[in-house]
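Working notes, structure below.
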Amino acid sequence: MKKDYFKEQIIIGRRERIDLPSLGIKSLKAKVDTGAFSSSIHCHKIYTKKIKKTNYLCFNLLEPSHPKYEETFYEVSEFKQTKIKNSFGQSETRYLIKLPILISGQILETNFTLSNRCE
């Protein structure tokens, strides 16, 4: 085993603060699940639109009652739909996007499914 392997590892806790630099969001509380294949991010008002031949996924992060809520809509052009099993074991279709996150001083490319838990 490479000797520097353990030096490259970072230790994170069950709950961490992350930044989503591509969305301009800083210090968002995140729950870490090392057994998951992707992360989920709570959104609402999720919809798609087409502008000139490009499809966009539009969404608003958080709920209006959240202290960091802003009336900002985000748009991404790279997305797909995927089936996942939710925390109750039920299969559902969600949108999947890829976002860079900043956690513990490192930027990582992360897959996020968009989840509206209030529906």
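The values are calculated or read from the model by the stated rules, or taken from the named source; none is laboratory data. Since the model is a prediction, treat every value here as computed from it, not as a measurement. Reconstructed Cβ throughout: ideal geometry from the backbone, glycine too, with neighbour counts over all protein chains shown. What goes into the accessible areas is simple: the full protein's heavy atoms, side chains included, and nothing from ligands, DNA or RNA. Shrake-Rupley method; radii C 1.70, N 1.55, O 1.52, S 1.80 Å.
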Since Lys45 meets every condition but one in (1) assigned to a strand (DSSP E or B); (2) modelled with pLDDT of 85 or more; (3) open to solvent by less than 100 Å² (accessible area, probe 1.4 Å); (4) of a type outside the set (Phe, Trp, Tyr), which condition does it not meet?
(3)
The listed residue being modelled with pLDDT of 85 or more, surrounded by 13 or more Cβ atoms within 10 Å (Cβ to Cβ) and not small (Gly, Ala, Ser), out of Leu57, Leu61
Leu57
Quick check on my filter: what residues within the stretch 67-117 are hydrophobic (A, V, I, L, M, F, W, C) and closer than 16 Å to Ser38 by Cβ?
Val76, Phe79, Ile84, Leu96, Ile97, Leu99, Ile101, Ile103, Leu108, Phe112, Leu114
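Looking at Thr93, is it farther than 28 Å from Lys26 by Cβ, part of a strand (DSSP E or B) and among the β-branched types (Val, Ile, Thr)? If you could, list the steps in order and put the result at the bottom.
Working: farther than 28 Å from Lys26 by Cβ: yes; part of a strand (DSSP E or B): yes; among the β-branched types (Val, Ile, Thr): yes.
So Thr93 passes the test.
May I ask you to say which residue of Glu78, Glu71 is touching a Lys or Arg at 6+ places or on another chain (Cβ under 8 Å), in a loop (DSSP other than H, G, I, E, B) and open to solvent by 40 Å² or more (accessible area, probe 1.4 Å)? Full working, then the answer.
Details: Glu71 fails: touching a Lys or Arg at 6+ places or on another chain (Cβ under 8 Å).
Criteria check complete, one pass: Glu78.
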Can you name the number of the only condition in (1) surrounded by fewer than 16 Cβ atoms within 10 Å (Cβ to Cβ); (2) part of a strand (DSSP E or B); (3) in contact with a Leu (Cβ under 8 Å, 6 or more places away or on another chain) that Lys29 fails?
(3)
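Just for the stretch 81-103: of the residues that are within 15 Å of Leu20 (Cβ to Cβ) and not aliphatic (A, V, I, L, M), which one is most open to solvent (accessible area, probe 1.4 Å)? Even if it seems obvious, please write down each step before you answer.
Initial filter on the stretch 81-103 (within 15 Å of Leu20 (Cβ to Cβ)): 97-103.
Then keep just the ones that are not aliphatic (A, V, I, L, M); that gives 98, 100.
Numbers: Lys98: 124, Pro100: 31 Å².
Only one residue fits best here, namely Lys98.
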Conditions (1) open to solvent by 50 Å² or more (accessible area, probe 1.4 Å); (2) farther than 17 Å from Lys98 by Cβ; (3) among the polar types (S, T, N, Q); number of the one not met by Ser22:
(2)
For residues in the stretch 42-68 being touching a residue at least 60 places away in the same chain (Cβ under 8 Å) and of a type outside the set (A, V, I, L, M, F, W, C), which is nearest to Lys29 (Cα to Cα)?
His42
